[in-house]
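The values are calculated or read from the model by the stated rules, or taken from the named source; none is laboratory data. In this text the structure is predicted, and so the values were computed from the model without any measurement. Ideal geometry is used to build each Cβ from the backbone, glycine not excepted, and the neighbour counts take in all protein chains shown. All accessible areas refer to the heavy atoms of the entire protein, side chains included, with ligands and DNA or RNA removed. Shrake-Rupley method; radii C 1.70, N 1.55, O 1.52, S 1.80 Å.
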Amino acid sequence: MLVDYHMHLERGPFTPEWLDRFLVVAQERGVAEIGISEHIYRFREAQEAYGAWWGEVAVSPDVAPTVATPAPGTAAFAARWWTERGGQSLNEYTELVRGAAARGLPVRLGIEADFFPGAARAIRAVLARAPFDYAIGSVHWIGPWGFDLLGVEGLWDGRDVDEMYRQYFALLGQAARSGLFQIMAHPDLIKVLGHRPSAALDVEALYAAAAAAFAASGVAVEVSTAGLRKPVGELYPAPAFLHACARRGVPLSLASDAHRPEDVGLDFDRAVALARDCGYREVSTFVGGARRPMPLG
Ligand SMILES: [Zn+2]
Ligand SMILES: [Zn+2]
């Protein structure tokens with residue numbers, strides 16, 4: 001069985017017609033079940049709950065947009081980026097996906113939630129507001145620095161790549177241990193723009209620590225084909241990372257991270273080949289937060 005548990009409807013409306021287009025491509029590619037995992041920050045309820053996570057220095061959402069071009073990595077930049085994207089209704093979203101499932105369509109209700117230290121209670125409160133089948137935990141931000149923002153000039157300027165890797169993996173482990181999530185997204189996303197650590201950094205040790213955190217927390221690890229469409233041009237995670245997960249018995253999830261119907265299930269032959277190579281024979285499905293393993297492929 002193939003499933004694709006990570007995709008976003010955000011470029012279209014919350015309508016059955018738009019959702020159907022994702023289901024049609026899934027069917028064409030032999031993906032038996034999909035999960036929609038809209039970004040948590042799209043929703044008013046989450047915007048309120050998360051608060052100003054980007055720093056101790058409060059930046060009012062009302063004030064931030066007046067700063068013409070805040071530099072990436074600043075609280076003002078994070079405040080503007082985050083608050084500009086909210087405003088949708090969580091109820092409308094959950095009713096769309098649950099409604100489709102109730103009509104017998106093979107779709108599950110998920111959500112992708114950004115993890116920040118200190119935000120666990122707020123995230124838990126948002127997750128409790130809807131009957132999610134699963135929640136995906138992701139790390140896109142190190143403090144107020146969103147490290148994966150394509151097209152932002154000077155994004156990585158002055159950054160110590162090794163140190164960013166260390167901080168990213170520390171956050172990833174914390175996210176897994178938070179107990180909030182069933183799946184960890186794009187596990188080595190820090191490589192997205194092609195920045196590589198120096199030989200001095202023991203990346204294998206970072207993989208091992210993250211895999212141990214995943215195993216201890218019972219979360220599944222995502223193999224995501226999205227990285228193939230990004231500057232790095234690789235699957236997430238690196239083979240050595242997935243091997244470390246497989247050795248510790250971390251369950252598998254499959255993901256395209258599609259933001260448009262055409263990308264659903266894209267390049268899954270490569271994802272499945274990597275997973276099989278690492279010894280995986282099962283893929284996870286989730287219903288009401290409970291994992292149901294199915295035969296892979
Ligand atoms: Zn993500
Ligand atoms: Zn995503």
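Tabulated values for the structure
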read-out: Highest-first arrangement of 249-258, 280-289, where packing means the average Cβ count within 10 Å; value: 249-258, 280-289
read-out: GNM flexibility winner over the chain from Ala102, Ala244, Ala271 (Cα, springs under 10 Å); value: Ala102
read-out: Descending semi-axes in Å of the stretch 121-201, equivalent ellipsoid built from Cα gyration tensor; value: 27, 14, 11
read-out: GluC sites (Glu not before Pro) within the stretch 100-208, DSSP loop, no more than 11 other Cβ atoms inside 10 Å; value: Glu153
read-out: From phi via Karplus (6.51, -1.76, 1.60), per-residue ³J(HN,Hα) for the stretch 101-110 in Hz, x at Gly/Pro; value: 5, 5, 7, x, 7, x, 9, 10, 9, x
read-out: Carbon and sulfur %, accessible surface of the stretch 3-295 computed with the full protein complex present, 1.4 Å; value: 50 percent
